[in-house]
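The values are calculated or read from the model by the stated rules, or taken from the named source; none is laboratory data. Small disclaimer: the values here were computed from a predicted structure and weren't measured. Cβ coordinates were reconstructed from backbone atoms using ideal geometry, including for glycine residues, and neighbour counts include every protein chain displayed. Heavy atoms of the whole protein, side chains included, go into the accessibility calculation; ligands, DNA and RNA do not. Shrake-Rupley method; radii C 1.70, N 1.55, O 1.52, S 1.80 Å.
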Amino acid sequence: MGLDRGWRARCLRDLKPGMRVLDLGCGTGSFDYARYPQCAISALDMTAHSQVVDFPANVEFRVGRPDKLP
C-alpha cells in the first residue's frame, strides 16, 4: 500500500554501524537487508515464505508472533 514509505526512509537513513534492528512482520524482507551489513537485524514473521531462501549473514529470521516474542 505504500503507507510506510515516509517513516521507513527516515529510519533507514538513520541506521548506524552496530545498531540492532527488529523487523516485525518482515514478510519476504521489508527492506534490502544486504544494504545494512553493519547492523544486526532480527526479522520475525508468522510465516516462513517459500520465496525467501537466504537472508544475509547479519540477519536472524524466526517464525513467530509479534505478541509472543521468542
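Table for the structure above
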| read-out | value |
| --- | --- |
| Computed E for Arg62/Asp32 - FRET, C-beta separation, R0 22 angstrom, nearest 0.05 | 0.65 |
| Cβ charges +1 (Lys, Arg) and -1 (Asp, Glu), total dipole of the chain, debye | 240 |
| Difference of contour (0.36 nm per residue) and Cα-Cα distance, Lys16 to His49 | 9.0 nm |
| Solvent-accessible area, 1.4 Å probe, carbon plus sulfur percent, for the chain | 55 |
| 222 nm mean residue ellipticity, helices alone, for the chain (DSSP H n ≥ 4; -39,500 (n - 2.57); rounded to 500) | -3500 deg cm²/dmol |
